[in-house]
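The structure appears below as structure tokens.
The values are calculated or read from the model by the stated rules, or taken from the named source; none is laboratory data. Bear in mind that the values here come from a model prediction, so they are computed numbers and not experimental data. Ideal geometry is used to build each Cβ from the backbone, glycine not excepted, and the neighbour counts take in all protein chains shown. Remember, those area values only see protein heavy atoms, side chains included, never the ligands or the DNA or RNA. Shrake-Rupley method; radii C 1.70, N 1.55, O 1.52, S 1.80 Å.
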Amino acid sequence: MAQLLKDENEIHDFQTRFNKINVIIIDQNGQYIERFERLLQIQQDEQLNFGKVQDAQLIKLLKSNSQINWLINQTGCLIKSHPNVIEEQFLQLEPVQIFRELQNIKLNTFNSEQLKLKEAYFQKIKNLLQNPIIMFIVGTPEAPMCRFTKKLVQNLQQYKIKFHFYDIEIDKLMVPYLKEFSNYNTFPQVYIKGKLIGGSDAVQELINKNEFVKLIPEESFMARESKLEQIQLISKFIVLIDGAPDNNYLQKQFSFYNLKIDQEARAELFNCLSNIIESSQELEPYLLYKVTLLLIVQNTVYDFVTLKAEIHANPKFLE
């Protein structure tokens, strides 16, 4: 039987089922759905996921969120996949013909493209594991988005170590691929020298046994307490602000230079007037710059004028 989708959340959950071709049967009078469900009793395929929508408002919502166009009163099937490796389609065919088309999509596109994407993510994971210490976490060390990530970061702070991280909240597809790669189903995941240590609880257990410090590579220890050094590891650029402007101000400044805060170009914001920053010896030299906004990129300080000149000379400077 096809799953009855009753609201927007159910539709979202349905269309994001991993490694599936997700088919929503759209039919307001129910006759087309009845013919389809009779066929589903004898035709089954683990890669095909079937749902049904009959409510006119939900059909309108589906249409508004779709890449393609069809009439609200049309009967047919909306076909998408997750990951999005096939072209979205709306087919007005009889159920038997829909099944034939779905088999063609599987054989000609979905299976091969899904495998390519998996291989790409596995290679990305292997590249990330080249870092001495890397954590796949929910959020960032400065702004953890789950209590286990927060606990992990707090535990690591005592060791004064350098580490890299990957925010799975930004890259949702990393979650299922990393689970398959590591055969470990929860997050965060901590790797040292390419080996999975475990999550927050596993690290806590090693700390309690005084075993965790023995696993830390020598090159990961900071020579001295260095807030700037750790920040530069996890931030593409650092923004120093004279005061604490609101988000609207920051958005205007970032937009002016086409700066984006994302997985590949993360920025760290500091209020130069705060006691924490003023007490940091490494940041003291930067406090001599009496301007509204400074960027630190690869240990070089840029103000508005020098940053504009650098971006003009090299448009991909901050990518």
**OP:** Give the long-range amide H neighbours of Gly139: residues separated by 5 or more places, or on another chain, with amide H under 5 Å away, using H modelled in the peptide plane at 1.01 Å from N.
**Re:** Met145, Ile168, Glu169, Ile170
Original post:
Where the eigenvalues come from the Cα gyration tensor of the stretch 135-177, what are the semi-axes √(5λ) of the equivalent ellipsoid, largest first, in whole Å?
Top reply: 20, 11, 8
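Any chance you could run the full-extension gain for Glu94 through Asn314? It's 0.36 nm times the residue separation minus the Cα-Cα distance, nm to one decimal.
73.6 nm
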**OP:** State the Kirkwood hydrodynamic radius of the stretch 114-208 in Å, one decimal place, computed from all pairs of distinct Cα atoms.
**Re:** 13.5
Original post:
Just the accessible area for His12, please: 1.4 Å probe, Å², rounded to the nearest 10?
Top reply: 110
Original post:
Taking a probe of 1.4 angstrom, what is the accessible area of Lys179 in Å², to the nearest 10?
Top reply: 70
Subject >> Listed residues Met222, Met1 arranged by accessible area, highest first, probe 1.4 Å >> reply: Met1, Met222
Original post:
Once the whole set of protein chains is in place, how much accessible area is left on Ser200, using a 1.4 Å probe, in Å² to the nearest 10?
Top reply: 10
**OP:** Search the structure for amide H atoms under 5 Å from the amide H of His164, placed 1.01 Å from N in the peptide plane, and list their residues when 5 or more places away or on another chain.
**Re:** Ile133, Ile134, Met135
Original post:
Rounded to the nearest 0.05, what FRET efficiency do Ala56 and Glu101 have when you use their Cβ-Cβ distance and R0 = 25 Å?
Top reply: 0.45
Subject >> Computed FRET value (nearest 0.05) for Lys6 with Glu113, which takes r as the C-beta separation and R₀ as 30 Å >> reply: 0.45
**OP:** Calculate how many DSSP beta bridges within the stretch 12-89 are antiparallel, expressed in % of all such bridges and rounded to the nearest 5.
**Re:** 55
**OP:** Return the whole-Å distance between the Cα centroid of the stretch 38-70 and the Cα centroid of the stretch 81-148.
**Re:** 20
**OP:** Run the numbers on the stretch 130-194 and let me know its relative contact order in percent, using alpha-carbon pairs under 8 Å that are six or more apart.
**Re:** 54
**OP:** Return the loop-located chymotrypsin sites (Phe, Trp or Tyr not before Pro) in the stretch 102-211 (DSSP other than H, G, I, E, B) with at most 11 other Cβ atoms within 10 Å of their own Cβ; answer none if there are none.
**Re:** none
